[in-house]
Amino acid sequence: MQLIIPDFSKAKILVVGDLMLDRYWHGPTSRISPEAPVPVVKIEESEERAGGAGNVALNIAALNSNSTLVGLTGQDESANILKSRLTHQGVNCQFVELAGCTTITKLRVLSRHQQLIRLDFEDGFFSDDGEHADSDEQLLSAYQAQLEKHDVVLFSDYQKGTLRDLPGLITLAKKQAKKIIIDPKGNDFSIYRGASLLTPNLSEFETIAGPCENDEQLVEKAEKLCRELQLDALLITRSEKGMTLIQSDKPAVHLPTRARDVFDVTGAGDTVIATLAVAMGVGMDLVDATKLANLAASVVVSKVGTATVTVHELRTAMRQLSDVEQGIIAEERLIALVKDAKEHGEKVIMTNGCFDILHAGHVTYLEQAKRLGDRLIVAVNDDDSVKRIKGPERPVNTMNRRMQVLAGLSCVDWVVPFYEDTPTRLICDVSPSVLVKGGDNEVDKIPGGNCVKEQGGEVLIMEYVDNCSTTGLIRSIRSADNSVENKSVEKKADDQ
């Protein structure tokens, strides 16, 4: 079954972690410095991006979700730039700004897309002599002020000191029954005890659990780590081998990589954990959330530099990698598929009828309807409603048989039954882009038409093929049967 992307705007994610500003200076290199054997770069372009936990928060905001960011900065230009960039892209910044400290900044000098040098500016937010001794208290205060307002807490650990009291922060989140997701670092995973989900890459995992020669060893060691750290789940990202999800008392799930073209893996981990947080924030099953995160990773690695993924890009990638579910669909499922299709920019066409005996007129009519948009829905009367409308001798074919024949047409995407005499309620619930009916109807009298127009859709009349109707076919068949029967009676009389 195809994944349906839910409304991520309902998720509220609190990101807590190390904040940093990434600066990039670009320019050509044409000579070597006379002062030292190093290239001279003529800087022609510069840019600033949010790094660390800031990039995670940006990924959440790019998915149309609510992202609040807590972390430590100095009171300097870098902090101002960082806050401005993040706020402009929808992140709620709740920085703890410390006087006399330097906001962590990484400056990269590049020429012809080649990084020549990186310069790091950081002096730490904590010191042995007691300076900035209240940093922990200020961070805790900012964290507690935001905790109750959010569904999921995401800790982004780059070992720069912001999360040095992480066990205490986890305890507070667990007391409020928050889902806790952590992107870990370092050689001590015990500080992450009690998290809902931990997302190490394979190298980070093997540093803690030891080398894994195959999938069986990986799963065995991952399950052991989950028990030791009291984790609900562990997601190991494995580069070209995809991802492995381990959950308590459930079979391991191995997902292959979805990437077709890999240009840059920078920030892919941030995209994965951000997508997981947003999906879990709206109540998505963890396996489906992981599949979605895996897909998001395939999108972001096809971009150059630290990047984010949008909902539209996810939907596009989803359709490129798998066929959209088709055929006979239950009403609830149909409504979800239509919503997803419309959010993807597709035009949904809908029609309805008995379709008792499918003939050339029906097929022509349905093919014309499909050409009006991207997806065609056919709603079919159940057997009882056909009897009420057409008479006690109808339908000739049962509803299931009628739907099976319609689902076999290449122009039909979805077939759905309805049980009332008119499909008005169903049409209003589905809300197609266009409602179509055959040429013997009037636009203003088509059931569900007013509802479609009120929701911004169209109602159109299609021309029927002349001399094609189910009633006419049945009349012809019965006439032929009577003729054959009469001839048989006459022949028997002659023989006698």
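The values are calculated or read from the model by the stated rules, or taken from the named source; none is laboratory data. Not measured: the values here are computed from a predicted model. Please note: Cβ atoms are built from the backbone with ideal geometry, for glycine as well, and neighbour counts cover all protein chains shown.
Just to be sure, is residue 284 under 23 Å from residue 155 (Cβ atoms), touching a Pro at 6+ places or on another chain (Cβ under 7 Å) and at pLDDT below 95? Yes: the conditions hold for residue 284. Quick check on my filter: what residues within the stretch 274-297 are among the polar types (S, T, N, Q) and touching a strand residue (DSSP E or B) at 6+ places or on another chain (Cβ under 9 Å)? Hits for the stretch 274-297 are 290, 294.
Yes/no per residue for (1) surrounded by fewer than 21 Cβ atoms within 10 Å (Cβ to Cβ); (2) among the hydrophobic types (A, V, I, L, M, F, W, C); (3) at pLDDT 95 or above; (4) touching a helix residue (DSSP H, G or I) at 6+ places or on another chain (Cβ under 7 Å):
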residue	(1), (2), (3), (4)
31	yes, no, no, no
37	yes, no, no, no
52	no, no, no, no
55	no, no, no, yes
87	yes, no, yes, no
92	yes, no, yes, no
123	yes, no, no, no
129	yes, no, no, no
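Limited to the stretch 324-347, what total is found for residues that are assigned to a helix (DSSP H, G or I) and either touching a helix residue (DSSP H, G or I) at 6+ places or on another chain (Cβ under 6 Å) or aliphatic (A, V, I, L, M) (or both)? Even if it seems obvious, please write down each step before you answer.
Kept after step one, since they are assigned to a helix (DSSP H, G or I), are these residues of the stretch 324-347: 331-343.
Next, from what is left, pick out any that are either touching a helix residue (DSSP H, G or I) at 6+ places or on another chain (Cβ under 6 Å) or aliphatic (A, V, I, L, M) (or both): 334-338, 341.
Count: 6.
Within the stretch 166-177, residues that are in contact (Cβ under 8 Å) with a residue 12 or more places away in the chain have Cβ atoms under 6 Å from residues that are part of a helix (DSSP H, G or I) and of a type in the set (S, T, N, Q) in no pair, counting only partners at least 6 apart in sequence or on another chain.
When the residues of the stretch 175-195 are filtered to those that are among the aliphatic types (A, V, I, L, M) and either outside the structural domain of residue 165 (by TED's automatic domain parsing) or surrounded by 16 or more Cβ atoms within 10 Å (Cβ to Cβ) (or both), which remaining residue is farthest from residue 12 (Cα to Cα)?
Initially, the stretch 175-195 is screened for residues among the aliphatic types (A, V, I, L, M), giving 177, 180-182, 191, 195.
Imposing the further condition that a residue be either outside the structural domain of residue 165 (by TED's automatic domain parsing) or surrounded by 16 or more Cβ atoms within 10 Å (Cβ to Cβ) (or both) reduces the set to 180-182, 191, 195.
Numbers: 180: 13, 181: 13, 182: 16, 191: 24, 195: 18 Å.
Taking the candidates together, the pick is 191.
Among the residues of the stretch 196-217, some residue qualifies, meaning at least one is part of a strand (DSSP E or B), assigned by TED's automatic domain parsing to the domain that holds residue 55 and modelled with pLDDT under 95. Among the residues here, residue 190 qualifies as of a type in the set (Ser, Thr, Tyr) and more than 29 Å from the chain's Cα centre (by Cα).
Go through the residues of the stretch 361-376 one by one and say whether even a single one is β-branched (Val, Ile, Thr) and in a helix (DSSP H, G or I).
Step one: of the stretch 361-376, the residues β-branched (Val, Ile, Thr) are 363-364.
Subset that is in a helix (DSSP H, G or I): 363-364.
Yes, the stretch 361-376 contains at least one residue that is β-branched (Val, Ile, Thr) and in a helix (DSSP H, G or I).
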